[in-house]
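Quick notes on the structure that follows.
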Amino acid sequence: QVQLVESGGGLVQPGGSLKLSCATSSSIFSVYNMRWFRQAPGKQREFVALITTSSVTNYADSVKGRFTISRDNAKNTVYLQMHSLQPEDTAVYYCNAQKIPHNFWGQGTQVTVSS
């Protein structure tokens, strides 16, 4: 069974920073593209960032310049560094591993941006 284990969420003030982590097995990490999504209350889940197995990255327009996705191949972990957080970034953040047709999700980690 594929496991994606997220951590690093929490409560942060507007303008603050958080770093999310998502760990998985080496068999998944070495061949799957890794993505972050988020889902705010009452809204659909939306794409946040992607990093491919060759470390090519892509971001949603709403987070460009503020969020950075990275991967540590030695630790089988993908990160999402978030800066300049705003209340509209409040959501449950989900890690995703994709290699079509396979798609796996983590359990999610809550990020709340509030003063």
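Each of His83 and Phe104 was given a label point 7 Å from its Cα along the Cα-to-Cβ line. The distance between the two points is 3.2 nm. Coupling constants for segment 61-67 follow from the phi torsions by the Karplus curve (6.51 cos²θ - 1.76 cosθ + 1.60, θ = phi - 60°), and in residue order they are 4, 5, 10, 4, x, 10, 10 Hz; glycine and proline get x. The helix-only estimate of mean residue ellipticity at 222 nm for the chain, built from DSSP H runs of length n ≥ 4 each weighted as -39500 (n - 2.57), is -500 deg cm²/dmol after division by the residue total. In this structure, the amide hydrogen of Val48, modeled 1.01 Å from its nitrogen in the peptide plane, lies closer than 5 angstrom to those of Trp36, Phe37, Arg38, counting only residues at least 5 positions away or on a different chain.
Once backbone amide H atoms are built at 1.01 Å from N, Gly108 has Glu6, Cys95 as its partners under 5 Å, excluding neighbours fewer than 5 places away on the same chain.
Calculated FRET efficiency, Ser26 and Thr68, Cβ-Cβ r, R0 22 Å, to nearest 0.05? Intermediate values should be presented prior to the final figure.
Values: r = 23 Å, r/R0 = 1.05.
It comes to 0.45.
The residues of the chain expose on average 53 square angstrom of accessible surface per residue, using a 1.4 Å probe on protein heavy atoms.
For the pair segment 90-112 and segment 28-73, the centres of their Cα atoms are 9 angstrom apart. Accessible area of His102 (1.4 Å probe, protein heavy atoms only, ligands and nucleic acids ignored): about 90 Å². Karplus-derived 3J(HN,Hα) values for segment 81-93, using 6.51 cos²θ - 1.76 cosθ + 1.60 with θ = phi - 60°, are 8, 10, 10, 6, 5, 10, x, 6, 7, 4, 4, 8, 9 Hz; glycine and proline are entered as x.
The values are calculated or read from the model by the stated rules, or taken from the named source; none is laboratory data. Keep in mind that what you see is a predicted model, and the values were worked out from it rather than measured. Cβ atoms come from the backbone with ideal geometry, glycine included; neighbour counts cover every protein chain shown. Quick note on the areas: whole protein, heavy atoms, side chains included, nothing else; ligands and nucleic acids left out. Shrake-Rupley method; radii C 1.70, N 1.55, O 1.52, S 1.80 Å.
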